[in-house]
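Trainee: Below is the structure I would like to discuss, written out as structure tokens.
Derivation of every value follows stated rules applied to the coordinates shown; laboratory data play no part. Bear in mind the structure is a predicted one, so any value in this text is a computation, not a measurement. Positions of Cβ are backbone-derived with ideal geometry, glycine not excepted, and every protein chain shown enters the neighbour counts.
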Amino acid sequence: MKSFRLSLAAAASSLALLTPGALTGAFAADMQVVTSIKPVHSLVAGVMEGVGEPALILQGAGSPHTYSMRPSQARMLANADLVFWVGPGLEVFLEKPLETLAGEATQVALSDSEGLTLLEMREGGAFEAHSHGDDHDDHDDHGHEAEEDGHDHAHDHGPDAHLWLDPDNAKIMVSAIAEALSAADAENASAYAANAAALNERIAALQTGLSAELEPVKDRPFIVFHDAYQYFEKQFGLAAAGSITVSPEIIPGAQRVDEIRTKVRELDAACVFAEPQFEPRLVEVVTEGTDAKSGVLDPLGAEIEDGKDLYFELMRGMAASLKTCLTK
């Protein structure tokens, strides 16, 4: 397990060079805070409640792996004073724009927050070693070509980046958000600190409630569309058995689909879960001829209204979907 430290020293040093008035009044009122994805936006909005409203780049059902920004969103980045994102392991589309458009902004990669639980990406559609043939479509999906040349391209950016699905990580992210906002807007530091404390209490209560709700289905195996849920699984003791495709950018070949269908049968998997932003037809193909039911998991809150409550609705929605589909 690898840990990272949120580095705000450079930002704090730069801010210290400004005149005292620069951190109060007009600057605070005009500060442009931009966020990458809906879960991050929700946590930032909670910390900023009563002070300001953060902007959101990736709206609706877009995937952070493949998203293309519109001109209005590029302008949003260009005008940003502070940008919050998970990091290059998730929002691949933001790497270059952050360099070219938001070079003057303070950028906070929340995956660098000190104290996070970070999990390594899992290998293979069934989360275990398995045989494969010469089907070219399956090679990239399994990552075997990368292994052969000694470099796993899927892991260029480190651990699994779906950090917010672990409530303990979400609490650490909230504290990091409050720290960054306070460094940029000292006048409202007390408000950010109070909001962060209240938000973390809500997250702790959510965590307790979801643990109780999911307890009855902890031992029932299921398959997910792509491997995005291990933080949620480990936090609540769930029994995910595999994914249909490792990478959401790559459509699985016929061999992989057949492997997963076989795995569903072998494990007597109770459910196979699709996602709003990905093709549900694959789930129908995988479950054909098995006893598995199908469901939908929404790790990004694609179908939930933006705002400070989205994180809580997202987590409760995932728990409800899992419990409904996994209940015998």
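Trainee: Full extension from Ala239 to Thr117: what is 0.36 nm times the residue separation minus their Cα-Cα distance, to one decimal in nm?
Mentor: Length difference between fully extended and current span is 42.0 nm.
Trainee: Given 5 Å bins starting at zero, what is the percent of C-alpha pairs of region 192-328 in each, up to the one with the largest pair distance?
Mentor: 2, 10, 20, 22, 18, 13, 8, 5, 2, 1, 0
Trainee: How much length, in nm to one decimal, is gained on full extension between Ala197 and Thr262, taken as 0.36 nm per residue of separation minus their Cα-Cα distance? Please list the in-between numbers first.
Mentor: Values: separation 65, 0.36 × 65 = 23.40 nm, distance 4.73 nm.
Length gained, Ala197 through Thr262: 18.7 nm.
Trainee: How big is the equivalent ellipsoid of region 53-121 along its three axes, where each semi-axis is √(5λ) from the Cα gyration tensor, reported in whole Å from largest to smallest?
Mentor: Three semi-axes, in Å: 21, 15, 11.
Trainee: May I pose another question? What nm distance separates the two modelled labels at Ala189 and Arg281, each placed 7 Å from Cα along Cα→Cβ?
Mentor: With each label placed 7 Å out from Cα toward Cβ, I get 5.6 nm.
Trainee: A further question follows. Neighbour counts of other C-beta atoms within 10 Å: give me Ile304, Ile37 arranged from fewest to most.
Mentor: Ile304, Ile37
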